[in-house]
Amino acid sequence: MATEKTEKKEKQNYKKYILWFWILFAGPVVGLFLFVLGVRLFADLPNTEELQNPKTLLATEVYSSDMKVIGKYYAENRTNVKFKDISPNVVNALVATEDARFFEHSGVDVRALLRAISGAALGRSASGGGSTISQQLAKMLFPREDLHGIKLIVRKIKEWIIAVKLEKEYTKQEIIALYLNKFDYLNNAVGIKSAAQIYFNTSPDSLKIEQAAMLVGLAKNPSYFNPNRFRERAEGRRNTVLAQMNKYNYLTNAQLDSLQKIPLKLIFRPEDHNDGLAPYFREYLRDVFMKKWCDENPKPDGTKYDVYRDGLKIYTTIDSRLQRYAEEAVSEHLKELQGTFDKELKVKRNAPFARNVNKEEIKSILEQGMKRSDRYRALKKAGIDDATIEKIFGTKTQMTVFNWRGEIDTLMSPFDSIRYYKGFLQTGFMSIEPQTGYIKAWVGGINHKFFQYDHVQIGHARQVGSTFKTFVYALAIQEGYSPCYRLPNVRTCIDMPAGQPQYCPDNAAGEEKYNGKIITLRFALAQSINYVSAYLIKQFGAQAVADLAHRMGVVSRIDPTPSICLGTPEISVFEMVGAEATFANKGTWIQPTFITRIEDKNGKVLADFSPKTQEVMSEEKAYVMLQLMKGVVDIGTGHRIQYRYKLMNPIAGKTGTTQNNSDGWFMGITPDLVSGCWVGAEDRSVHFDHGDQGQGAQMALPVWAKYMQKVYADKTLKISQGDFERPAKKLEIELDCRAYDQEMEKNGGDDGGTDDSSGF
């Protein structure tokens, strides 16, 4: 009986043990299961559509015609790359460090999770933690708030569920690519493509083992291991990643020893919209063209495209090589020219303004500069009164200013800085392919960080001086004149409306030696002789010349007054280069074009662009104009192209200088490239005193010449140095008057360096 009671009691105890076992061990598992099930059923989780199309901010990329990324627009500097375009070194480093069993689990690594929990319970660190790459990706794609307690546990379980769902929607390779594309590596490097470029100036597929290890090391804590601020920490973390790669057999012991000894070598190139190629062009593209395009071309759902977030791809006509040569030519010449100008400014009482500018005019100019400044607008927006603003602008403060020798930290009042910047010569340069209208180079100024005013398109147009004479002569050629047409170089007067005196322009200084002589049109244009320009506009009328200029692409207003024959119209570099390209394009104006197509982030073409065209003159007349303009380089104001810059190939061109030497111009035409340059100060009251330095041949022509020297030296560009194509149709017109012109030039004693420096 006692035995039966004992056995019965033992059975009861056994059942209790079993019950407590289930309560203590199975209970939490069941509870956790039910808790997870509840989260799965009732929590707000991303649906399939959201998982397949996670919200990711993508940078818009701007491509050159030779397929170089020349710029980006972004809220986050991220451009996605595919798994195949990521170096295996990066993948191996990531898996070894963050999730060694990544290819074995389905989103949640139970073994690693239990190891992490037991380690935490026993008070020791668990190697590797419990979060898989998929879980970390879930956290990045659907960021958690700063939660505590039960809410944090719920959020963690949601991440487990999302990780499992991600594993169902994507392959392992796609998950790794998503992770690397999403991660923020700091210093404006979001995603592996930006990180590779910014930290090592390379692409994701070319990252070396030690480079990949450093970038993967940032995953632990990017701020703490920031290589720019904490180089030793970053190097130590990189070596830890390399050790993990060795542990999981991605590296041999010999490789580990060798790689850990390599010092951290960054090629740090932070991306800034002021840096890189074509900043003025990129800013125009963003602020003007794309803003308008996005307004006029909505998405299928009716919302607007966002250039900062939608990952558009913009394919432009800019050639990265030509753009670089243009920027180099501008920098080389303007730096030298500014040095010459600064020497002149040192002896000017009103520097940088001309001697005849009085104090009241200077005060007005500086006040206008103040009101156009960002500082002034910010103060006005803050409600500061004008008197206080003027006091602020007169108070010295620490600032960094531009100098051709490098940025200068100095103590200067805002008013003084405005005056200081007025003394810098600016420029606008553009180069176009005449047969297609494609713009190949665009330089809007000397330094986009300090001078953001674009002098190619956005900037207010400047008087073009004698470059406008090509329109006058083109009309004469259309009316049957030939380059060898002879006429007396005598003063011409033009009647004006009642009450106005006759218009009787004089020749510029240096041209008097040809007065009274019989000269050809070719010689007159080559020497930029004003008497002949006045004679021609008297024959055909200012309105006819203005109409021709408009047909050739000039959209700026041209008042049809006789003075336009000397270049009074204000026209942009963009318009002038496009118009001059008509001659090289056999008489057909083609709209200057800077973009070929726009694609969305998936490569779908959203828009294609092709230029407008308009036939302005016959091929024969255009060819005659080229022969006429070649005289400018052969014997005229552009002759230094040959004797100084040794460019002996056929070149048509035209110099231009405005009154008081305020603006210097040069237009250069070759069969494959038509390029134009303007040089001058921001204000016309700032200029050279003398024509020997202030003429177009001295200020603007060297930029063109240096640019073409670089272009011709690059044989990969295949830019022709041959002559212009002769029309198939026989020309019934006299073209070759070189012998007569050379004799005239010899007798006149011209040195090939004069220009129309007192054009009107």
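Some observations on this one:
- Within region 520-544, considering residues that are of a type outside the set (Gly, Ala, Ser) and assigned to a loop (DSSP other than H, G, I, E, B), the one surrounded by the fewest Cβ atoms within 10 Å (Cβ to Cβ): Ile529
- Subset of region 558-573 (residues that are part of a loop (DSSP other than H, G, I, E, B) and either of a type in the set (D, E, K, R) or surrounded by fewer than 21 Cβ atoms within 10 Å (Cβ to Cβ) (or both)): Asp559, Pro560, Thr561, Thr568
- Considering region 250-310, there are no qualifying helices (runs of 4 or more DSSP H) wholly inside with 2 or more residues that are outside the structural domain of Thr97 (by TED's automatic domain parsing), under 23 Å from Ala195 (Cα atoms) and more than 31 Å from the chain's Cα centre (by Cα).
- Residue within region 223-246 that is in the same structural domain as Ala93 (by TED's automatic domain parsing), touching an Asp or Glu at 6+ places or on another chain (Cβ under 9 Å), in a loop (DSSP other than H, G, I, E, B) and at pLDDT below 95 present: yes
- Only residues that are charged (D, E, K, R) and crowded, with 24+ Cβ neighbours inside 10 Å were counted in region 576-615, giving 1.
- Condition met for Lys706 (part of a loop (DSSP other than H, G, I, E, B) and at pLDDT 95 or above): no
- Considering residues of region 227-272 that are loosely packed, with under 15 Cβ neighbours inside 10 Å and of a type in the set (Phe, Trp, Tyr) only, the residue farthest from Ala100 (Cα to Cα): Phe268
- Condition check for Asp454 on (1) assigned by TED's automatic domain parsing to the domain that holds Met370; (2) buried (at least 20 other Cβ atoms within 10 Å of the Cβ): one failure, at (1).
- Residue match in region 358-373 (condition: touching a residue at least 24 places away in the same chain (Cβ under 8 Å), loosely packed, with under 15 Cβ neighbours inside 10 Å, not polar (S, T, N, Q) and not in a helix (DSSP H, G or I)): no
- Of all residues in region 545-557, those that are within 29 Å of the chain's Cα centre (by Cα) and buried (at least 23 other Cβ atoms within 10 Å of the Cβ) total 3.
- Qualifying residue in region 656-676 (condition: touching a Leu at 6+ places or on another chain (Cβ under 7 Å), of a type in the set (S, T, N, Q), surrounded by 24 or more Cβ atoms within 10 Å (Cβ to Cβ) and assigned by TED's automatic domain parsing to the domain that holds Val573): no
- Thr400 in contact with a Ser or Thr (Cβ under 9 Å, 6 or more places away or on another chain), on the phi < 0 side of the Ramachandran plot, not in a loop (DSSP other than H, G, I, E, B) and not assigned by TED's automatic domain parsing to the domain that holds Glu575: yes
- When region 374-395 is filtered for residues that are charged (D, E, K, R) and part of a loop (DSSP other than H, G, I, E, B), only Asp385 remains.
- Sole exception among (1) over 25 Å from the mean Cα position of the chain (by Cα); (2) buried (at least 22 other Cβ atoms within 10 Å of the Cβ); (3) among the small types (Gly, Ala, Ser) for Ser194, by number: (1)
- Verdict on Asn350 being outside any helix (DSSP H, G or I) and without any contact (Cβ under 8 Å) to a residue 12 or more places away in the chain: no
The values are calculated or read from the model by the stated rules, or taken from the named source; none is laboratory data. What you see is a predicted model; the values in this text were computed from it and never measured. Virtual Cβ from ideal backbone geometry, glycine too; neighbours counted across all protein chains shown.
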